[in-house]
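Undergrad: Quick one: structure below, then a few questions.
The values are calculated or read from the model by the stated rules, or taken from the named source; none is laboratory data. For clarity, every value in this text was computed on a predicted model and none was experimentally measured. Note: ideal-geometry Cβ built from the backbone for every residue, glycine included; neighbour counts use all protein chains shown. We work out accessible area using only protein heavy atoms, side chains counted, and drop any ligands, DNA or RNA first. Shrake-Rupley method; radii C 1.70, N 1.55, O 1.52, S 1.80 Å.
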Amino acid sequence: MSYSYPYEPEGRGITSIAQNNYPPTASCISAIPTSRIEQPAKPNVTLEVVRASSGRPHLVVSGLVFTLLAGIAFAITGTAICIISPSRAHALNLPTMLSKWLHNVDADPGKERIVIIRIPFRVGIAVELFFTTLVTVCSEVTGYVHATTLKRGLAEEDRLTFNANLRFFSTTKGIFSMNGPVVSMVHGLSLVFAYSASSSFFLRVYDADINLGFSIISFVSPMILGVALVVQAALGLVALFRTPALTWSTSPLDVTSALISHGSIRRQQKRCMRSVSKTLDMSFDPIRPSPQQPSLWASHQLVAPMVCILWSMAVLWLAFAVGVALGEWPTVHGFDVALSLSWRGGAPPIPLLYLFLLQGMMQSVVTIGVHCCELVTTLARDEAVWRKASSRKGAPPTGHPLEVLMKSGHSVSLLMAKPLIHWVFGLTVSLGAGSGLAIIASWMFILSGAMVAVAIFITVTANNRPSGPQPAAYGHIQTLTDLVDEWSTKTMHWGDKGPLGEGPWPVYHAGTTDAGVLPLVRMDEVYA
């Protein structure tokens, strides 16, 4: 049995649709079996949209190659520092400017390889901020490839529900597949150790005789940073050439059109006013527009746990900082140290490596928290892209990934916060040549304040309710498929498309078009 709308305005693209079966849905983010819903009206136009955003972006390939070369350079640097001792450096007649900074802090010849270059303390932390920012840029490139290929894998398994996903926790079937659990775990660990190495590139040293603090470079951090970047770049390059992407665009409209053209999802009629929070509502009765849309918190079941995890981390760091402030702590090498795991003499290689792994475990907590923030900001960005359709400028279906990123205030804010948070963590939980692993009391409040600020920002974003009658989608694939009734390679506008039939109580329809700005939705009428 099938039925159609009683009246179809000319050129509106509304077609009859089979309603025999409706997709069983466990939750508002559950995967929708794609074989149970009718095809959209204009697959030929959709194919054009996909072709406009397909192909491997040259910028991504260049970014992966840059990440690979940067990793190799760091690994070679660490190896050279490990091999060349200060005495050998002088024997090689290095330039006077470099020899001026050579400094052996340990009289034991067996340990002098650990450090080679001495620089002022403030210069050291500034260079670490630069390296942390570099890691953020490289991880954005590799993460973009990981997220794009993950969408293809989830779509093939009928599990792609939202355009945004938790990359490290949303895996495809197959333990050793390119987006399987093993590869995702390796990708996550390499990211953690890359941030940990970049924020502990220099070992802190305090000379009590001259009352001066400075930093010395260790071979451990450059080698680990190099290996981590090489692993990320290698995984990205393999995924780039082995896994065909649906589309390299990050726009939820492009991803949805790609899925429609591949037959992975189909449109349901009479749902033009139902937002993503009404996914469980299988009623097709006409409804009135809502002046305000549901928040992310009410639309995505993973947002609330993510926000709670973030606040738990922020409260724990704040409680730790308060405990540090109430106590009296010893001064080690010029810093108030709340906790120290140290050694005598210079920095021995094996204990230094163990402490680096311990710092990495602590760093992973911060990395997971930032990853949770990324889910919320990406969902908010996807909604902002869709809501442009009800503005006078409209929503362009195809957008360059960098353009979509830079036009989102939420994504730009998180992108700027990422290196700062990891950098501050590296200053709080630092490695010293004489003090070992130390938690610096003076930086605890700065780190806890940063975590609280990020938690507030994410909480406000998650609870924000968009204004206007345009149904909220937050990148939900099925919702966008139902709301967009005309796909186009041009700018799309959303609004009122007139009554579906004649009578004393007409039922109206809202949808999209590329013919220009549509009239405003009638708030007192019912829509289907």
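Undergrad: How many nm separate the modelled label positions at residue 282 and residue 402, each set 7 Å beyond the Cα in the direction of the Cβ?
TA: In this crude spin-label approximation the distance works out to 4.7 nm.
Undergrad: Treat each spin label as a single point 7 Å out from the Cα along the C-beta direction, and report the residue 158 to residue 80 distance in nm.
TA: Label at residue 158, label at residue 80, 5.7 nm between them.
Undergrad: Each residue of segment 263-269 in turn: what ³J(HN,Hα) in whole Hz from Karplus with 6.51, -1.76, 1.60 and θ = phi - 60°, glycine and Pro shown as x?
TA: For segment 263-269, the Karplus curve yields x, 7, 8, 9, 8, 9, 8 Hz.
Undergrad: In terms of modelled amide H atoms, which long-range or inter-chain residues lie less than 5 Å from the amide H of residue 492?
TA: When sequence neighbours closer than 5 places are left aside, the close amide H contacts are 395.
Undergrad: Sequence-distant or interchain residues sharing an amide H contact under 5 Å with residue 436, placed H: which?
TA: The list, which skips near neighbours in sequence, is 343.
Undergrad: From the phi angles alone, apply the Karplus equation (6.51, -1.76, 1.60; θ = phi - 60°) to segment 405-413 and give each ³J(HN,Hα) in whole Hz, x where the residue is Gly or Pro.
TA: For segment 405-413, the Karplus curve yields 5, 6, 8, 9, x, 5, 5, 5, 4 Hz.
Undergrad: Report, in listed order, any pair from 278/388; 278/490; 393/497; 151/278; 151/393; 388/490 with a Cα-Cα distance greater than 25 Å.
TA: 278/490; 151/393
Undergrad: Order the peptides 242-249, 383-390 from the highest to the lowest mean number of other Cβ atoms within 10 Å of their residues. Write down the numbers at each step before the final one.
TA: Working: 242-249: 19.1, 383-390: 21.8.
So the peptides 242-249, 383-390, ranked by packing, come out 383-390, 242-249.
Undergrad: With the other protein chains left in place, how much accessible area per residue, in square angstrom, belongs to segment 268-323 at a 1.4 angstrom probe?
TA: 44 Å²
Undergrad: Which residues' amide hydrogens lie under 5 Å from the amide hydrogen of residue 527, considering only partners 5 or more residues apart or on another chain, with H built in the peptide plane?
TA: Distant-sequence amide H within range of residue 527: 287, 288, 508.
Undergrad: Sticking with this structure for a sec: Through the Karplus equation 6.51 cos²θ - 1.76 cosθ + 1.60, θ set to phi - 60°, convert the phi angles of segment 239-252 into ³J(HN,Hα) values in whole Hz; use x for Gly and Pro.
TA: 5, 5, 9, 9, 10, x, 8, 4, 6, 8, 7, 8, 5, x
Undergrad: If you average over every viewing direction, what projected area does the convex hull of the Cα atoms of segment 258-332 give, in nm²?
TA: Over all viewing directions, segment 258-332 projects a mean Cα-hull area of 10.5 nm².
Undergrad: Could you give the size of the charge dipole of segment 380-526 about its Cα centre, using +1 on the Cβ of each K and R and -1 on the Cβ of each D and E, expressed in debye and rounded to the nearest 20?
TA: So the dipole magnitude of segment 380-526 works out to roughly 580 debye.
Undergrad: Oh, and also: Report the extension gain between residue 308 and residue 442 in nm, rounded to one decimal, defined as 0.36 nm multiplied by the number of residues separating them, less their alpha carbon distance.
TA: The residue 308-residue 442 span can extend by a further 45.6 nm.
Undergrad: Could I ask something else about it? How much of the accessible area of segment 351-502, probe 1.4 Å, is carbon plus sulfur, in whole percent? Can you show the working numbers first?
TA: Details: 3420 of 5040 Å².
C and S atoms contribute 68 percent here.
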